[in-house]
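Trainee: So that we are looking at the same thing, I have put the structure below in structure tokens.
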Amino acid sequence: MKKLLLLSLTVLLFSCGDSDPNALAKKRIFQKVDSDGMGMIKDLEIISVEKINDTTYKAVHTFTNPLIEKEMRIARNYFFTIDGETINNKEDITVEIKSAGEWVKSGL
């Protein structure tokens with residue numbers, strides 16, 4: 001009985017843990033985009049987060065730009081501090097706007 005209880009607790013602890021290794025980076029990226037947009041960005045969604053190295057993540061996110069009322073998709077590198085808690089800088093890779101149902105590169 002004790003072994004079964006111990007096994008159940010172990011399974012419960014592991015199942016409660018976050019299974020996404022990029023979860024903190026994804027959260028910080030969402031917060032960065034949201035705060036840069038001063039809370040005006042609509043429908044913000046992080047599509048993907050890819051770890052490049054210990055301090056760099058590539059993310060793709062979409063949102064509706066409230067100024068032009070168009071859907072946008074941005075691929076960007078985010079540079080974090082060594083502890084992974086704070087974003088130091090970011091670099092746009094591609095900026096696209098949805099036009100006539102297709103993604104088109106933007107000069108923004």
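The values are calculated or read from the model by the stated rules, or taken from the named source; none is laboratory data. Please read all numbers here as calculations on a predicted model, not as lab measurements. All Cβ positions, glycine included, derive from the backbone under ideal geometry; neighbour counts span all protein chains shown.
Trainee: Go through (1) touching a Lys or Arg at 6+ places or on another chain (Cβ under 7 Å); (2) acidic (D, E); (3) loosely packed, with under 10 Cβ neighbours inside 10 Å for D92 and report which single condition fails.
Mentor: If we test D92 against (1) touching a Lys or Arg at 6+ places or on another chain (Cβ under 7 Å); (2) acidic (D, E); (3) loosely packed, with under 10 Cβ neighbours inside 10 Å, just (3) comes out false.
Trainee: Please verify whether K105 is at pLDDT 90 or above and surrounded by 15 or more Cβ atoms within 10 Å (Cβ to Cβ), treating the condition exactly as stated.
Mentor: So K105 does not fit the description; no.
Trainee: Output the residue which, of all residues in the range 15-58 that are more than 16 Å from E85 (Cα to Cα), small (G, A, S) and surrounded by 10 or more Cβ atoms within 10 Å (Cβ to Cβ), is modelled with the lowest pLDDT.
Mentor: G37
Trainee: From the list K105, K58, pick out the single residue that is of a type in the set (K, R), free of Cβ contacts under 8 Å to residues at least 40 places away in the same chain, out of contact with any His (no Cβ under 6 Å at 6 or more places or on another chain) and over 21 Å from K42 (Cα atoms).
Mentor: K58
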